[in-house]
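Please treat every number below as a calculation from the coordinates, not as lab data. Small disclaimer: the values here were computed from a predicted structure and weren't measured. Ideal geometry is used to build each Cβ from the backbone, glycine not excepted, and the neighbour counts take in all protein chains shown.
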Amino acid sequence: MTATASRRRPRRRADLGRAPQDTRGGWRTYLGLAAFLALSAFPLYWMFVIATSDDEAVSQIPPTVVPGGELMNNLHEVFTLQQVYFAASLINSFIVSAVVTASTLFFCSMAGFAFAKLRFPGRDKLMIVVILTLTIPNQLGIVALYILMGKFGWNGTLVSVIVPFLVSAFGVFYMRQFIMHAVPDELVESARMDGALTMRVYWSIVLPAIRPALAVLGLLTFVATWNEFQWPLIQLNGTPFPTSMVALSDLASGNYVIYRRVLAGAFVATVPLLVLLLLGGRQIVRGIMEGAVKS
Amino acid sequence: MSLTRNAPPASATEPAHHRSPKSGYKSRNWLHRFDNKRVPYLLISPFFLLFALFGLFPIVFNGIVALRNWRLDDPTLTGWAGLANFERLLHDEDFWNALVNTFGIFILSTVPQLLIALMVANLLNRKLRATAWWRVGVLLPYVTPVAASTLVFAVIFARDNGMANWLLSLVGFGEDAPLDWRAYKWSSWIAIATMVNWKWIGYNALLYLSAMQSIPKDVYEAAAVDGAGPWRQLWRITVPMIQPVLVFTVVLSTIGGLQLFNEPMLFEENPAAASGGSDHQWQTIAQLIYKVGWKDLNLGYAAAMSWALFLIILIVAALNALATNRLGGGRR
């Protein structure tokens, strides 16, 4: 582009003008990242420490940083507490997250396929509608949604925290972007020349080609659903079948709160997501970097 | 974004498969016509049906609820309230207090969050060993349930023997009278903003990183002429080049930050109260809506508040996007 590009630079200043992503990270880079990572991980680690300790640990000065041996004891208390339904809440969270994830994957990949590869009048306008719905704050209709659920007789049931989330605008958008590039037009066209119906094309050509995208969207959806708090709290607080987030807030409510118990519960409710991050972390990173959207 | 780039005009070309069925059986013809004309709509219909029912309808209906008397504890008290709910809102000290709190926490969380995210992204934007693992690592807070992490922070910010106070005492602050984080507006805001920052910095850093990596490399070569070091490189080249994603994150943080609910709820010593402190020091609007609707059981009034919150979000998001455009770019 300029003279500098072709001029041989002295070795010392080799980094000058080189794109950052081609510059090797120095010790300061690693130190900075390690410090940031430590701060990110510390609350989780400390949650584990308190979850494994006795009552003293939480108010010890200077704070304990070594896990104790009381985890089983604390867990036993959490799981046997009346009125909190902790064990059931974990199962409920699994049911809700799994159903929402499966349905999101199915509906979003179908819609994404239609928007990416099929031609029909109004397609582009409808796609813009999908994108616009992304920007609507979810607080806006919350009161009316509650009343609507009441009319259906779903208030206080798991159905009420599943049905509104069966499909997501972000999912449709993400799938459309992916399918546009991952599935060649010629493949779709030639399959149809051979007389394959649309659903057949979806099943035999599109689905196998978009497995990576399904993994990404599935992980993001599962994490988001598992962590959902406000709507499940409105719907399920005080019922015998809360989700684990609602059960956690119950655990932390009351006049006298036992923190080793609360954090033991918090730890259990976090572990499934940590496992997901460990197994599918790269996919989650990819999903976010390809343009994921907060909740 | 390239929303329409690959889409040819819908009616200009006949789809290839229209001329396809070589074996011209009547029934297959009918089936294929149905497949061509109707099936695409069937495929996208689940989204639109579910959105119409659980997204659009509640928003419209919310407007009606806001204009009516609608109480959960007294189903007989119905009928139109006119603008009474909105009038009440104007004179409701709790609402204005919650508005101030929401904005205070919003600013304390958004500004450091995005700045630090930029720094972290800049660090990640190098040739690193185990690149993938650093990126996965910064997502630890993102996957942690807010309910769980907030409860940890509630312990850290305890008045007696809390870890935050212990750290402060190490630097000689509050040794004899430990800070009661929940007692004052400023301290409770800082505590809550810390939780929000903790959760979202890594996520935003990845968004920035993804934008940074798509900056053409020759831009950096060109800048080497005036000897820009890494620091100036960041501010003079990288930041202006990723401006669209900056605007995007600002808008996202605005939408999320002004609806803040989980952290203030669970920071409370007794979350069931939903009061946001003994004197509502940190009660946010979303929390107030929850309290008015499901503790005071006044759904009509809660609906009116939702509308007010929506309006505020709209205005602030627009202003923010505008300001970020100006600040970030300076070009055009």
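Quick notes on this structure:
- Using a Förster distance of 41 Å, the FRET efficiency for residue A:73-residue B:180 (Cβ separation, nearest 0.05): 0.85
- Spacing of the two label points (7 Å from each Cα toward its C-beta) at residue B:84 and residue B:326, in nm: 4.3
- The ranking of A:128, A:205 by Cβ neighbour count inside 10 Å, starting from the fewest, reads A:128, A:205.
- Note on residue B:314 and residue B:170: the model spin-label points, each 7 Å out from Cα along the C-beta direction, lie 4.9 nm apart.
- Sites residue A:279 and residue B:131 - FRET efficiency at Förster radius 22 Å, r taken between beta-carbons, to 0.05: 0.75
- Placing +1 on each Lys and Arg Cβ and -1 on each Asp and Glu Cβ, with no other charges, gives the range A:99-235 a dipole about its Cα centre of roughly 180 debye.
- Only Cα pairs under 8 Å and 6+ residues apart enter the sum, and on that basis the relative contact order of chain B stands at 25 percent.
- In range of the label at residue A:290: residues from the range A:154-180 whose backbone nitrogen is under 18 Å from the point 7 Å along Cα→Cβ: A:168-180
- Farthest toward positive dipole pole in chain B [+1 Lys/Arg, -1 Asp/Glu at C-beta], among B:116, B:165, B:130: B:130
- Charges were assigned to the Cβ only: +1 to each Lys and Arg, -1 to each Asp and Glu. The resulting dipole of the protein assembly as shown about its Cα centre is roughly 3620 debye.
- When you restrict to C-alpha pairs under 8 Å that are six or more residues apart and normalise by the size of the range B:183-270, the relative contact order lands at 42 percent.
- Per-residue Cβ neighbour rank within 10 angstrom, fewest leading, B:301, A:256: A:256, B:301
- Value in Å of the Kirkwood radius, where the range B:65-122 supplies the Cα pairs that are averaged: 14.7
- Fewest-first ordering of B:291, B:127 by other beta carbons within 10 Å of each residue's beta carbon gives B:127, B:291.
- Full-extension gain in nm, residue A:54 to residue A:154, via 0.36 nm per residue minus C-alpha separation: 31.9 nm
- Kyte-Doolittle at least -1.0, axis length at least 27 Å by Cα - qualifying DSSP helices, chain A: A:27-51, A:86-117, A:259-289
- Taking the range B:231-332 and dividing mean pair separation by its residue count, relative contact order in percent (alpha carbons under 8 Å, at least six apart): 34
- Per-pair calculated FRET efficiency, R0 = 51 Å: residue A:27 and residue B:64 via Cβ, rounded to 0.05: 0.25
- Span-rule helices in chain B, defined as complete DSSP H runs reaching 18 Å or more along the axis (Cα) with Kyte mean at least 0.5: B:39-51, B:93-124, B:185-212, B:243-257, B:299-329
- Neighbouring partner chain Cβ atoms per residue of A:199-206, average, 10 Å criterion: 1
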